[in-house]
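First the structure, in the form of C-alpha cells, and then the observations on it.
Read-outs: derived from the displayed coordinates by stated rules, not from any lab. Please read all numbers here as calculations on a predicted model, not as lab measurements. Cβ placement follows ideal geometry from the backbone for every residue including glycine, while neighbour counts extend to all protein chains displayed.
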Amino acid sequence: MSRTIAIEPVTRIEGHARITLQLNDEGRVDDARFHLTQFRGFEKFCEGRPYREMPALTARTCGICPVSHLLTSAKACDELLSVKIPPAAEKLRRVMNLAQLVQSHALSFFHLSSPDLLLGWDSDPARRNIFGVMTENPAMAKDGIRLRQIGQSIIEMLGGKKVHPNWAVPGGIAQPLSEETRDAMRKLLPEGLVIAKRTYAFYKKLIPQFAKEAETFGNFPTMFLSLVNAKGNLEHYDGWIRIKDAKGDIVEDMVPTDEYPRIIGEAVEPFSYMKFPYYKPHGYPRGIYRVGPLARLNNCNSCGTPFADVALAEFRTLQESQPVASSFHYHYARLVEIIYALESMDRLLRDPDIMATRIRARARSNRDEGIGIAEAPRGLLIHHYRIDDDGLMTWMNLIIATGHNNLAMNQGVKQVAQEYVDGSKLQEGMLNRVEAVIRCFDPCLSCASHAFGQMPIHVELRNAEGHLVDQLKRG
Amino acid sequence: MIQTPTPNVRVVTFKIDDRDFSAREDETIIQVAWENGIRVPSLCYLEGLSVWGACRLCVVEIVGSPRLVSSCSTRVAEGMEIRTDSERLQAYRRMILELLFSERNHVCSVCVSNGHCELQNLAQQCGMDHVRVPYRNKVYQVDSSHDLFRVDHNRCVLCSRCIRVCDEIEGAHTWDSKGRGIDTQVITDLNRPWGESDSCTGCGKCVQVCPTGALVQQGTSVGEMHKDRKFLPYLSRMRDAQ
Ligand code: SF4
C-alpha cells in the first residue's frame, strides 16, 4: 500500500504551506508536492481602482518585502505616465531596494536558517530556532539582529515607516533627501559591512560540513533567470533579463523587461494556488528555472563592488562545474549579496546627485499598459498593469519571486525526500530537511498566493494503482 | 435650514457639560460648543453650509429629556443643560461610525486621504477600534472621467457637503443624489460621468469640503490629498452680504 505523509505546516517560512509525499509500493518516495492553500486574490480586487493606489495597495501583498512591491509597482506606474523619473529619485529608490535586500536576507539567514546551520537538522526542534542560536552563539544572533535593523533603519529613514512606506510614487519619490538623513544612513553602513564580512568568513569555514546537504538540497540542473545591468553585472532595480542554462551558456540576454511575456509562461496546477512560471521556448515543465540570489550570482559577470567581487569568486569555487546548481548555496549567495548591497548603498549615498530636490516627474497617464520589473530579495518581481482612458485598472498580473521558484521547490522537496525518507520510519531529521530545503529558497507564501479564482482545497490520496483511498475537502 | 441671524435676537444662558454659557438664541448647540473648544464630533455639519442633520454623530443629551438631539440642528435655549459626552453618547457615536465603515470600503491604508481624513480622525477620536457588524463589501465604481478630479463612491459617507457647497456657494448644482437609503449615491448632472458634466465649473469646492477620500484631486498618491477649506467662511459671508 502506498502512503502519503503530510507535513503541515512548515515552520519558519513566511506564510503557510503543506507538503505531501507520495510513497510507492516499496515505501520509496514517488512524488512530492508543495501545496499553497492560501488564497488572497489581489489581482481581482485591484480592478477598477485608480492606478495611483497600486504602489501602496500591492505593498500590502506582503509584510516581509513591501518595499519590493512598492518599487516595482511605482516602476509600472512610471511607464503608465510615460516618464523618465529624475536621477535622484532613481538612485534613492535603488538605496531603498538594497536596504530591503539587506534586511530580508538577514532575516532569512540569521533568523530562519541559522538554527539549522548552527544546531543541526537533527537537533531538538524546541531549541532549533533563533533563541537556540542565542544560547549557542550569542554573538552571531546579535549580529543578525543588528544587520536586519540596519536595513530596516535605512528604509525607515527614507520612507518614514519600517513597513509599507508610501514613499515611492508614480513618477519618482515623495520627499527629497535631507543631509541629516543621508549622513545618518551613511553612518550605519561601515558597521553593517563589518558584520556582513564577519558572518561571511564564519560561514565559509562552516561550508565543508554541509557537503551532504549541498549534494542533496535541490541540487539539480535548471536554468537561471535574473536581471543584469548594461555591463552584464549584478543588478536589482532595472536592467535586462538574462537566462543561463544549466551548463552556464547564455540562452537569453539583454531582453528588455517589457518583453517578459515572450519568454515567461505561467502554468497552473490544480494542487496549488501558486502559478508555475516556466521558460516559454522550452515548454512546461521542461522550462524550469530558478531566480533569486543564486540565479543572480550565477548570471552576472561580476558584482561591481570590491568585497562582493572577492566573495563572488569564492562562491564560484563551491562547485566544480558552473553555474552553482545546489539550492543549498542560496544561503551563501545571500551573504555575498548583503556585502554587495552595503557597498553599493555607500557608493550611491556618496553621489551628490541624490541631494537634488527634483525628485518627481509629474504627468497623467499617457499609456494604457505598464510593466515594472525589479529584483526582490527572493528573485524577479513583475508587475504588469493595464488601465482604461480614465486611469482605472482594468487588468493586472503579478509574477512574484517565490512563484518563479515554484517548479524548482517541488523538485527540491522530491529530491531531499527521496534521499532521506525511508518508508518504514519517519525521523524528525528527515522532516526538518524537507522543510529546510524549502527554506533555501526563502519562499514568501503570502505574496505567492495572490492568484485569483476560487478553488476549493481538496486533498486526494491515491495508491499505486491510482485508486482513491482517502480524501480531504476543505472550504 | 437654519436662517441667517436676524437682528434683535435675545441672549440666553444655559450649561454645556456643567459650564455656564450665554449666547444668542439663534445659535445652535454645536456652534457654541465649537466656539468654546468643546469638540462635539460631526461629519455632515460644516460651518458656512446649510445644516443637514443627517450623520447623527453630533447628538447630545438635554437634561430632563430622554431624546437625544443633534446639536447642529438644535438651538440653544434658556436654562438648557446639555451634555456632550457620556457613555451612552460614546456608544451611539461608535456604533454610527462602525455602520459607516461597514457600509462602504474605507480602506485607510491605501487611500489618498490617509492621515487627513475626517472619518479616520473621528474613528480615532471616538475610540472605534473595530467593527462589530459585517461589512457589506459592495463594490462601487470609481468615476475618474473628470480631468482634474475623481469620485470614489467606495469612500463616500453621504454627508452631502459636496451637494450643498456646489449649490449654495458655487451656484452650479452639479451634484445631487440618486437612490434611497443605503443605496443612495451622489451623482453629477443627471447621473452622467463627471467628465461629461455641462454644469460643473471645475472649481473644486466639492473636493475641498468632502470629509473623506471620496472626492479627490487627480494625480495624488496615497496620503497626499490635503483639503483646504479656508475659502468657505469667507465665501459664505460674501454670499450672505449680497
Ligand atoms: S462625496 Fe464626499 S462630500 Fe459628497 S457626500 Fe460623499 S463624502 Fe460627502
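The length gained by stretching the chain between B:VAL69 and B:ARG24 to full extension, at 0.36 nm per residue less their Cα-Cα distance, is 14.3 nm.
Region B:210-242 and region A:132-163 have their alpha-carbon centroids 44 Å apart. Per-residue Karplus couplings for region B:212-222, computed as 6.51 cos²θ - 1.76 cosθ + 1.60 with θ equal to phi - 60°, are listed in order as 10, x, 6, 10, 9, 7, 5, x, 8, 9, 3 Hz, Gly and Pro entered as x. Packing, as the average of other Cβ atoms within 10 Å across residues, places the peptides A:380-386, A:151-157 in the order A:380-386, A:151-157, highest first. Counts of other chain beta carbons within 10 angstrom of each beta carbon in peptide A:361-372 average 1. Residue-wise HN-Hα couplings along region A:238-245, as the Karplus relation 6.51 cos²θ - 1.76 cosθ + 1.60 with θ = phi - 60° gives them from phi, are 9, x, 10, 8, 10, 10, 10, 8 Hz; Gly and Pro carry x.
Net charge in the neighbourhood of B:ILE16 (other residues with Cβ under 13 Å of its Cβ; Lys, Arg +1, Asp, Glu -1) is -4.
For A:ILE19, nonlocal amide neighbours, meaning residues 5 or more places apart or on other chains whose placed amide H falls under 5 Å from its own, are A:ILE7, A:HIS35.
Which of the three applies to the protein assembly as shown, rounded, prolate or oblate, going by the alpha-carbon gyration tensor with a ≥ b ≥ c and a/c under 1.5 meaning rounded? Prolate is the answer for the protein assembly as shown, as a/c is 1.5 or above and a/b outweighs b/c. Averaged over residues, the count of other Cβ atoms within 10 Å places the peptides B:82-93, A:98-109 in the sequence A:98-109, B:82-93, highest first. Using the Cβ-Cβ distance between A:ASN229 and B:HIS226 with R0 = 41 Å, the FRET efficiency computed as 1/(1 + (r/R0)^6) comes to roughly 0.60. The order of the peptides B:40-46, B:130-136 by mean Cβ neighbours within 10 Å, most packed first, is B:40-46, B:130-136.
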